[in-house]
1. Find which of Ala26, Gln51, Ser39 sits farthest along the positive direction of the dipole of the chain, computed with +1 on the beta-carbon of Lys and Arg, -1 on that of Asp and Glu, about the Cα centre.
2. Modelled label-to-label distance, Ala38 and Gln65, 7 Å Cα→beta-carbon offset: nm?
3. Calculated from DSSP H runs of 4 or more alone, at -39500 (n - 2.57) each and per residue, what is the 222 nm mean residue ellipticity of the chain, nearest 500?
4. For the chain, state which trypsin sites (Lys or Arg not before Pro) are in a DSSP loop and have at most 11 other beta carbons lying within 10 Å of their beta carbon.
5. With only Lys, Arg, Asp and Glu charged, each at its Cβ (+1 for the first two, -1 for the last two), find how big the charge dipole of the chain is about the Cα centre; round to the nearest 20 debye.
6. Please give the net charge around Arg5, taking every other residue with its beta carbon less than 14 angstrom from that of Arg5, where Lys and Arg add +1 and Asp and Glu add -1.
7. Can you classify the chain as rounded, prolate or oblate using the Cα gyration tensor, where a ≥ b ≥ c are the square roots of its eigenvalues, rounded means a/c under 1.5, and otherwise it's prolate if a/b beats b/c and oblate if not?
8. Mind pulling the angle between the C-alpha long axis of helix 2-14 and the longest principal axis of the chain? Nearest 10 degrees, somewhere in 0 to 90.
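Just so you know, all these numbers are worked out from the coordinates, no wet-lab data involved. No experiment lies behind these values; they were computed from the predicted model shown. All Cβ positions, even for glycine, are placed from backbone atoms using ideal geometry, and neighbour counts span all protein chains on display.
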Amino acid sequence: MGGRRQFATAHAAAAGATRWQTEALATLFSIADAIQPASETGYINGQHRAQAMLEAGVRRTVVLQHVDET
């Protein structure tokens, strides 16, 4: 996941994002902080964050989806 995080934050910084903004963007790619929907339970992680973003008017964001390749 680090490659995607680095790609996103590097492009955001190049476009003029502040350090705070790039750090916030990086958390969207963090397993500990990312919004992780689950088909059966609703969310694995990030339900409160998703709700706060919806209330703030955010309608699109990055989510982390685990794909089990067993």
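1. Ala26
2. So the label points at Ala38 and Gln65 sit 1.7 nm apart.
3. Working: 3 runs with 31 residues, N = 70.
The helix contribution divided over the chain gives -13000 deg cm²/dmol.
4. Details: sites: Arg4, Arg5, Arg19, Arg49, Arg59, Arg60; in loops: Arg59, Arg60.
Sites meeting the loop and neighbour criteria: Arg59, Arg60.
5. Details: 6 positive and 6 negative charges, 69 e Å.
Value, rounded to 20: 340 debye.
6. Numbers: positive: Arg4; negative: Glu23, Asp33.
Here the count lands on -1.
7. On the way: a/c = 2.70, a/b = 1.37, b/c = 1.97.
Taking the square roots of the gyration eigenvalues as a ≥ b ≥ c, the chain is oblate.
8. Value to nearest ten degrees: 40.
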